[in-house]
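**Q** There's a structure below that I have some questions on.
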Amino acid sequence: MALVPTPSPIAGPVVAEVDMGSDSNTVRATVVQASTVFYDTPATLDKAEKFIADAAAYGSQLVVFPEAFIGGYPRGSSFGVMIGSRSDRGREDFRKYHASAIDVPGPEVDRLAAMAGKYKVYLVMGVIERAGYTLYCTVLFFDYQGRYLGKHRKLMPTALERVIWGFGDGSTIPVYDTPIGKIGALICWENRMPLLRTALYGKGIEIYCAPTADSRDVWQASMTHIALEGGCFVLSANQFCRRKDYPPPPDYLFGVDDDLAPDAVVCAGGSVIISPSGAVLTGPNYEGEALLSADLDLGEIVKAKFDFDVVGHYSRPEILSLSVKDNPLSPVTFSSETNKAESFEKSR
């Protein structure tokens, strides 16, 4: 396999790519490892477009961004929360964070769709979604014609994330059947939830996107396991951030005593692409902002499934099975709306 450099340099190191061939059964995919422009959503969108343009110039058909790229991952922030109390400073931090989030649908979604159409790529983008006064950690999907396909909301925020993000439900666990393969995504530690992974396997996922905020070495073990377990390509995108990528103190604090140097690395990346056989195609990168690309030979999926098909010949549904409640859940329903829907159905 030949190593192919990207033709258009970006700020920071660019990782060499693995060329697996150029037949029609091959998809060129790129994961973006870069930092949000925190509290500046328009500037983050501009930055996203530059990375998408570079990936498209290299011939990528699919571009995957990290968790919470639009809106930001509030690393190091406590939002003033202690058991039994919240601070005024923390409430103000949440107000600013809420202002940086995006409505879905909304103008930022329209702009992302336009980028996907302009550069003719499938786009998987991590965002912070604003739904009224509740925020969700969300992944948005777009096709190469500039159409918004839908979203996945993180089902289980981790640790203090549960203070600032709501919980998704079973209605947003999509896998999209596209000309370049069946694409879906889970976010960060959701990928460690066996039943949730199985739901994606049951939908036939082939290109499994895993936007994350976890840069630890052990994350790589999870990504390799998922590729082997699911017989699918795994594309994990993480941010690479230094302290200076966040607002300086006192506007933003890492912990109580924020004494980090501006160049201190606060998230080291580790973005990676792994084949269905468990082979690392590119990455992990811990050096800086980068585009990591690989050519995905979809024929490798069939070979991997021959060995192990977790929802096919290697399943025992008479003993073990999964039922997924995939209907949307709402805390408030109105009987008049239900009656209107029933009357409409009867009149058809």
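**Q** Specify the residue that is farthest from Pro194 (Cα to Cα); the eligible residues are those in the range 107-166 that are among the aromatic types (Phe, Trp, Tyr) and touching a Lys or Arg at 6+ places or on another chain (Cβ under 8 Å).
**A** By that ranking, first place goes to Tyr144.
**Q** Enumerate the pairs (first residue in the range 195-208 and under 26 Å from Ser293 (Cα atoms); second residue anywhere and of a type in the set (S, T, N, Q)) with beta-carbon separation below 6 Å, excluding pairs fewer than 6 apart on the same chain, so at least 6 apart or on different chains.
**A** none
**Q** Separate question: When you scan the range 261-283, how many residues do you find that are crowded, with 18+ Cβ neighbours inside 10 Å and more than 18 Å from Phe51 (Cβ to Cβ)?
**A** Number of matching residues: 6.
**Q** Looking at Thr6, is it in contact with a helix residue (DSSP H, G or I) (Cβ under 9 Å, 6 or more places away or on another chain), part of a loop (DSSP other than H, G, I, E, B) and at pLDDT below 95?
**A** yes
**Q** Among the strands (runs of 3 or more DSSP E) confined wholly to the range 175-244, which include 1 or more residues that are of a type in the set (Ser, Thr, Tyr)?
**A** 175-178, 207-209, 233-236
**Q** Please state which of the following conditions Gly126 fails to meet, knowing it meets all the rest: (1) at pLDDT 95 or above; (2) small (Gly, Ala, Ser); (3) out of contact with any Pro (no Cβ under 6 Å at 6 or more places or on another chain).
**A** With (1) at pLDDT 95 or above; (2) small (Gly, Ala, Ser); (3) out of contact with any Pro (no Cβ under 6 Å at 6 or more places or on another chain) applied to Gly126, the lone miss is (3).
**Q** Just to be sure I understand the filter: pairs with C-beta atoms under 7 Å, separated by 6 or more residues or on different chains, first member in the range 292-308 and open to solvent by 10 Å² or more (accessible area, probe 1.4 Å), second member modelled with pLDDT under 95 and of a type in the set (A, V, I, L, M). Which pairs pass?
**A** That search, which allows pairs on different chains as well, returns Asp297/Met20.
**Q** Please specify each residue of the range 48-83 satisfying the condition of being modelled with pLDDT of 95 or more and at positive phi.
**A** Gly59, Ala68, Gly71, Gly72, listed by residue number.
**Q** Determine if the range 81-88 includes at least one residue that is of a type in the set (Val, Ile, Thr) and under 28 Å from Ala199 (Cβ atoms).
**A** No, there is no match, as no residue in the range 81-88 is of a type in the set (Val, Ile, Thr) and under 28 Å from Ala199 (Cβ atoms).
**Q** For the range 183-205, state whether one or more residues are more than 20 Å from Thr30 (Cβ to Cβ), under 14 Å from the mean Cα position of the chain (by Cα) and open to solvent by 30 Å² or more (accessible area, probe 1.4 Å).
**A** yes
**Q** So if I check each of Leu291, Leu260, Leu329, which one is part of a strand (DSSP E or B) and within 30 Å of Tyr97 (Cβ to Cβ)?
**A** None of the others qualify; the one that does is Leu291.
**Q** Condition check: of a type in the set (S, T, N, Q) and crowded, with 24+ Cβ neighbours inside 10 Å. Does Ser222 satisfy that?
**A** No; evaluated as a whole, the condition is false for this residue.
**Q** Could you look through the range 225-260, keep only residues that are of a type in the set (Gly, Ala, Ser) and under 23 Å from Val139 (Cα atoms), and pick out the one that is surrounded by the most Cβ atoms within 10 Å (Cβ to Cβ)?
**A** Within the range 225-260, the match that is surrounded by the most Cβ atoms within 10 Å (Cβ to Cβ) is Ser236.
**Q** Would you please list the contacts, defined by Cβ atoms under 9 Å and residues six or more apart or on different chains, that run from a residue in the range 223-246 that is within 20 Å of Gly72 (Cα to Cα) to a residue that is surrounded by 24 or more Cβ atoms within 10 Å (Cβ to Cβ) and at pLDDT below 95?
**A** Listed pairs, sorted by first residue: Ser236/Gly283.
The values are calculated or read from the model by the stated rules, or taken from the named source; none is laboratory data. The structure presented is a predicted model; accordingly, all values stated were derived computationally and were not measured. Cβ: placed from backbone, ideal geometry, glycine included. Neighbour counts: every protein chain shown. Areas reflect the complete protein model, heavy atoms only, side chains present, ligands, DNA and RNA absent. Shrake-Rupley method; radii C 1.70, N 1.55, O 1.52, S 1.80 Å.
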